[in-house]
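Everything on this sheet refers to the single structure shown next.
The values are calculated or read from the model by the stated rules, or taken from the named source; none is laboratory data. Because the structure is predicted, anything quoted here is derived from the model rather than measured. For neighbour counting, all protein chains shown are included, and Cβ atoms are generated from backbone atoms with ideal geometry for every residue, glycine included. When the accessible area is computed, the model is the full protein with side chains, heavy atoms only, and any ligands, DNA or RNA have been set aside. Shrake-Rupley method; radii C 1.70, N 1.55, O 1.52, S 1.80 Å.
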Amino acid sequence: MTKELDWDVAVVGLGSMGSFAFWQLARMGVNVVGFDRYRPGHDKGAGHGETRIFRTAYGEGVEYVPLLKEARLLWRELEGETGVELYTENGGTMFGPKGDIFMKNVEASVNEFSLPHKKYTGSEAKKVYPQINFKENHVAIYEEFAGFLRPELSIETAVKRGEELGGNIFTESPVEKIEADENGVTIICEDRQFRVKKVIVSSGGWTSQILPELKLPLSLERQVLVWYDAKNPEQFTPEKFPIFSRMKDGIGFYGFPTVDGKTVKVALHHGGQIVNHPDEVDREIHESDLEPVTEKVKEYFPDLIPVPVKAKTCFYTNTPDEHFILGPAPGLPNVTLLGPMAGHGFKFAPIMGKIAAELATDKTPTLEIGMFDPSRFNQ
Ligand SMILES: Cc1cc2nc3c(=O)[nH]c(=O)nc-3n(C[C@H](O)[C@H](O)[C@H](O)COP(=O)(O)OP(=O)(O)OC[C@H]3O[C@@H](n4cnc5c(N)ncnc54)[C@H](O)[C@@H]3O)c2cc1C
């Protein structure tokens, strides 16, 4: 006899993506349950560290822009429903040599999608933003629809709102197994079993442990965030200092205005140690972590004091093509994969959550997601 359903949809992992799928499902009136191995807003996954960049002029590919335009509206919807400020749209400056693929994609994004922006040569940009030591051969594109998100608060707010709308959650409850069949899915969590119609798996860096049969080609990469004191913090407030991004093949860097009125966060993008499991991420901070970031600070930010005052670790869950994973899990009926997000997914959380919720309720996705198809690695 088929056991009766406990819930219609389960979300396994209430981190950056899962919290938003949970909210979207509850909002759609779906009978939803969410599980997380920790408490939402924790610092063990990929959704912590005070701030995350949002930008729509997307150096990683013009095809992301429609998703980002929709995500921007959905961030405001969650803020509107809860009264919590999650997104500060203070603009963003992307810079680098004109020929860099990242800058070409940023330029194509602003042109093709008529995104409000300003273009500068390196020396012009230096006059507008003397806080950054742009190079002569750089171009800079300032985009209005950019700024920063509050990751921990966003996750907590999305989960809380989902609960208010009727969703149930189990925290500090690691799901051990997901057994999918044609009629539904059994979820084994500690010594209990639950039966649901569909499951969304949004377990980030833990996805290969929870669904080893998919053999997803994921690699976990340790990253370090570093904070520096500003000599003149009033020059680094969100009103005066946009988020910035200098991305390129290999190791890029990015950073934020001050959010505490004192320090500025700078980080490298990539170049971190590769590990097999989130538990293997070294959480200690070493001199060798700080030194390359401080070198960038010395080179590009004359008004920051090049002595780290704080640092934190985090990790990316990379895919071979650096695109996200979103769609039906190959060979596993009733299972939708939401992530991993290849180290650049936070800004997309509300639209990824919405599309995953649509897939889990047999609706047509709001936007095109073919490039995120989980089965692309099996060809
Ligand atoms: C240092 C750093 C800086 C970044 N900067 C940016 C940025 O500026 N802008 C941007 O857009 N993106 C950025 N990213 C990327 C972005 O943060 C990630 O792509 C995103 O957080 C990934 O979300 P996720 O939901 O897949 O993973 P997570 O947020 O880690 O969520 C996974 C969740 O699953 C839970 N879980 C795992 N296993 C189980 C289980 N068995 N049972 C129950 N629960 C489970 C975990 O506890 C966790 O809560 C950055 C990432 C890092 C590390």
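So how many residues does the stretch 287-319 have that are part of a loop (DSSP other than H, G, I, E, B) and away from the ligand (no atom under 16 Å from the Cβ)?
Taking the stretch 287-319 as the starting set, the residues that turn out to be part of a loop (DSSP other than H, G, I, E, B) are 301-303, 319.
Checking the rest, the ones that are also away from the ligand (no atom under 16 Å from the Cβ) come to 301-303.
Qualifying residue count, the stretch 287-319: 3.
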Q. If the Cβ limit is 6 Å and pairs must be 6+ apart or interchain, which residue in the stretch 226-255 that is within 21 Å of residue 142 (Cα to Cα) pairs with which residue that is aliphatic (A, V, I, L, M) and surrounded by fewer than 24 Cβ atoms within 10 Å (Cβ to Cβ)?
A. 236/230; 243/53; 253/268; 255/266
Q. Does any residue of the stretch 135-146 turn out to be more than 10 Å from the ligand (Cβ to nearest atom), in contact (Cβ under 8 Å) with a residue 60 or more places away in the chain, within 30 Å of residue 110 (Cβ to Cβ) and among the acidic types (Asp, Glu)?
A. yes
Q | Failed item, numbered, when residue 251 is tested on (1) crowded, with 20+ Cβ neighbours inside 10 Å; (2) in contact with a Leu (Cβ under 7 Å, 6 or more places away or on another chain); (3) β-branched (Val, Ile, Thr) | A | (1)
**Q.** Which numbered condition residue 348 fails, given (1) assigned by TED's automatic domain parsing to the domain that holds residue 34; (2) touching a strand residue (DSSP E or B) at 6+ places or on another chain (Cβ under 7 Å); (3) at negative phi
**A.** (2)
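Out of all the residues in the stretch 143-163, which are open to solvent by 10 Å² or more (accessible area, probe 1.4 Å) and in a helix (DSSP H, G or I)?
Initial filter on the stretch 143-163 (open to solvent by 10 Å² or more (accessible area, probe 1.4 Å)): 144-145, 150, 152-153, 156-157, 160-161, 163.
Scanning the stretch 143-163 gives 152, 153, 156, 157, 160, 161, 163.
Looking only at the stretch 214-225, which residues are over 18 Å from the mean Cα position of the chain (by Cα) and either within 30 Å of residue 302 (Cα to Cα) or crowded, with 18+ Cβ neighbours inside 10 Å (or both)?
Step one: filter the stretch 214-225 for residues over 18 Å from the mean Cα position of the chain (by Cα), giving 214-217.
Listed by number, the residues that qualify are 214, 216.
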Q) Which members of the stretch 111-131 meet the condition of being among the β-branched types (Val, Ile, Thr) and more than 12 Å from residue 96 (Cα to Cα)? A) 128
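Which one of 234, 291, 280, 284 is over 21 Å from residue 145 (Cα atoms) and in contact with a Leu (Cβ under 9 Å, 6 or more places away or on another chain)?
On the way: 234 fails: in contact with a Leu (Cβ under 9 Å, 6 or more places away or on another chain); 291 fails: in contact with a Leu (Cβ under 9 Å, 6 or more places away or on another chain); 284 fails: in contact with a Leu (Cβ under 9 Å, 6 or more places away or on another chain).
Of 234, 291, 280, 284, the one residue that is over 21 Å from residue 145 (Cα atoms) and in contact with a Leu (Cβ under 9 Å, 6 or more places away or on another chain) is 280.
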Q: Give the number of residues within the stretch 21-51 that are more than 14 Å from the ligand (Cβ to nearest atom) and surrounded by fewer than 24 Cβ atoms within 10 Å (Cβ to Cβ).
A: 5
Q.
When you check residue 309 against the structure, is it surrounded by fewer than 22 Cβ atoms within 10 Å (Cβ to Cβ), farther than 20 Å from residue 264 by Cα and among the aliphatic types (A, V, I, L, M), yes or no?
A. no
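Each row is one residue, and each column tells you yes or no for (1) open to solvent by 40 Å² or more (accessible area, probe 1.4 Å); (2) closer than 21 Å to residue 208 by Cα; (3) within 12 Å of the ligand (Cβ to nearest atom).
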{"residue": "335", "(1), (2), (3)": "no, yes, no"}
{"residue": "339", "(1), (2), (3)": "no, yes, yes"}
{"residue": "360", "(1), (2), (3)": "no, yes, no"}
{"residue": "364", "(1), (2), (3)": "yes, no, no"}
Q. So is residue 178 part of a strand (DSSP E or B), touching a Phe, Trp or Tyr at 6+ places or on another chain (Cβ under 6 Å) and either at positive phi or not assigned by TED's automatic domain parsing to the domain that holds residue 257 (or both) or not?
A. no
Q: Name the one entry in 95, 113, 134 that is surrounded by fewer than 18 Cβ atoms within 10 Å (Cβ to Cβ), in the same structural domain as residue 229 (by TED's automatic domain parsing) and either at pLDDT 95 or above or of a type in the set (S, T, N, Q) (or both).
A: 113
Q: Scan 281, 335, 266 and give me the residue that is in the same structural domain as residue 205 (by TED's automatic domain parsing) and either in contact with a Lys or Arg (Cβ under 8 Å, 6 or more places away or on another chain) or of a type in the set (Phe, Trp, Tyr) (or both).
A: 335
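Determine whether residue 173 is closer than 20 Å to residue 341 by Cα, within 14 Å of the ligand (Cβ to nearest atom), open to solvent by less than 10 Å² (accessible area, probe 1.4 Å) and not in a strand (DSSP E or B).
Working: closer than 20 Å to residue 341 by Cα: no; within 14 Å of the ligand (Cβ to nearest atom): yes; open to solvent by less than 10 Å² (accessible area, probe 1.4 Å): yes; not in a strand (DSSP E or B): yes.
No: the conditions fail for residue 173.
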**Q.** Residue count, the stretch 300-333 (criterion: at positive phi and in contact with a Gly (Cβ under 6 Å, 6 or more places away or on another chain))
**A.** 0
Q: Quick one: count up the residues across the stretch 116-127 that are assigned to a helix (DSSP H, G or I) and surrounded by fewer than 15 Cβ atoms within 10 Å (Cβ to Cβ).
A: 3
